[in-house]
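Participant: Have a look at the structure that comes next, please.
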Amino acid sequence: MIRKNTILITGADGEVGHGLIRQLSPLPDRPALVVLDIRKLDRSLRGLVDRIIVGDVLDTKLLETLSTEYEIDTIFHLAALLSTSSEFNPETAHRVNVQGTVNLLKLSVDHGLTRGKPVKFVYASSIAAYGMPNLETKTSAGKVSEDDYLHPITMYGCNKLYCEHLGRYYARYYQQLSATRSIGVDFRCVRFPGLISAITLPTGGTSDYAPEMLHATAQRKAYAAFVREDTTIPFMVMPDAIKALLALAAAPREQITRQVYNVSSFSRSAGQLADMVKRAFPEAAISFKSSDARQNIVDSWPADVDDSAARHDWGWAPDYGFDRAFDDYLIPTIRGRYQSTT
Ligand code: AKB
């Protein structure tokens, strides 16, 4: 039997997974889409994929079965516990975020060997991999490069940074002392800023104040952000996040000069985001009640990132700057989304 070329998406029921499925599903002659998540895929997406697996990235038996059933060409590994959830359950987060990634990297190297070609492994990392030492440094550092300030203060950030290293290890050094060298894995990683979708809300992140203020306001609810008004980190809207994943996956291997790439669209303070929301919804009731613990986490993330390597190597450029993100995507989409419910 000839097995169909397959794309495997883990964490498919998260918001990046949803965006990726919507983008990939209508493509002509696309590989089979096999999606894995601990939760059953949202009803609205079930008809868009070829197989839905409700299961755990920690279930190695399940992953082995997948490896025998499908010719896996590309894995988008999105499954993770986000930063706030991870702080409440650090050891569980470590298991899911790290052991889950190890399991998929191992699946990839073994699968690559059987098919004689490395599996493309696209990993979603995060600005949480950074740890700015204090607010003065955060302000003076400007756009930080991929290699600076890598001292994360969250379990999630530590997990993401370590998994970036694991990706490099499995790609280049796995089984380096054995007689038969591994075929490795074609590991590629984007470090995402805070993501904002007009369609879905994230669960358990710490950059969530941005999407939360927008979604609450669009539903005519008051919102108290858990950060100071001047809190600044980089953000990106979901269509650009999907664009980044697909562009990195599609880039010719010889153009890839590093394993981890920053990507960014706009960097704004929570107050500037609120002003934009108020411009569209003048009745918005947004306040700022900084919670020390979560504030501390966001303060440890850079105010902006340098994504020039992604721009140079694989032509990264966001479609949505700050104004366009709100005017052409967030506001019209979110109005449509809640029209019937408000
Ligand atoms: C989170 O807040 O945990 C995520 C992230 C920045 O990776 N949105």
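The values are calculated or read from the model by the stated rules, or taken from the named source; none is laboratory data. This one's a predicted model, so the numbers in the text were calculated from it and none came from an experiment. Here Cβ is always computed from backbone atoms with ideal geometry, including for glycine, and neighbour counts include all displayed protein chains. Heavy atoms of the whole protein, side chains included, go into the accessibility calculation; ligands, DNA and RNA do not. Shrake-Rupley method; radii C 1.70, N 1.55, O 1.52, S 1.80 Å.
Participant: Taking DSSP loops as anything outside H, G, I, E and B, show the longest stretch in the chain free of trypsin sites (Lys or Arg not before Pro) there with at most 14 other beta carbons within 10 Å.
Facilitator: 41-180
Participant: Ranked by accessible surface with a 1.4 Å probe, highest first, in what order do Val185, Val54 come?
Facilitator: Val54, Val185
Participant: At 7 Å along the Cα-to-beta-carbon direction for both His165 and Asp148, put a label point, then send me their distance in nm to one decimal.
Facilitator: Result for the modelled spin labels: 2.1 nm.
Participant: Okay, moving on. State the Cα centre-to-centre distance between the stretch 203-243 and the stretch 1-64 in whole Å.
Facilitator: 27 Å
Participant: If a/c stays under 1.5 just call it rounded; otherwise compare a/b with b/c (prolate if a/b is bigger, oblate if not). Do that for the chain, with a ≥ b ≥ c from the square roots of the Cα gyration tensor eigenvalues.
Facilitator: Cα axes put the chain in the prolate bin.
Participant: Right, here's the next one. If you roll a 1.4 Å probe over the heavy atoms of the protein chains, what accessible area per residue do you get for the chain, in Å²?
Facilitator: Here the residues of the chain average 43 Å² of exposed surface.
Participant: Pairs of Cα atoms under 8 Å, at least six residues apart: use those to get the relative contact order of the chain, whole percent.
Facilitator: 18 percent
Participant: In deg cm²/dmol, rounded to 500, what helix-only [θ] at 222 nm does the chain give when every DSSP H run of at least 4 residues adds -39500 (n - 2.57) and the total is split over its residues?
Facilitator: Here the helix-only value at 222 nm equals -11000 deg cm²/dmol.
Participant: Something else: Please report, as a whole percent, how much of the solvent-accessible surface of the chain comes from carbon and sulfur atoms (probe radius 1.4 Å).
Facilitator: Here it works out to 52 percent.
Participant: Round to the nearest 10 and report in Å² the accessible area of Leu63, as given by a 1.4 Å probe over the protein chains' heavy atoms.
Facilitator: Leu63 exposes around 10 Å² with every protein chain in place.
Participant: Additional query: Would you look at the GNM of the chain, springs on alpha carbons closer than 10 Å, and say which of Val16, Val237, Val49 moves the most?
Facilitator: Taking springs between Cα atoms under 10 Å, the residue moving most is Val49.
Participant: Same structure, new question: Would you be so kind as to identify all helices of the chain, as entire DSSP H runs, whose Cα atoms reach 15 Å or more along the helix's own axis and whose mean Kyte-Doolittle hydropathy is at least 0.5?
Facilitator: The qualifying helices are 238-250.
Participant: How many angstrom lie between the C-alpha centres of the stretch 136-177 and the stretch 295-315?
Facilitator: Here the answer is 12 Å between Cα centres.
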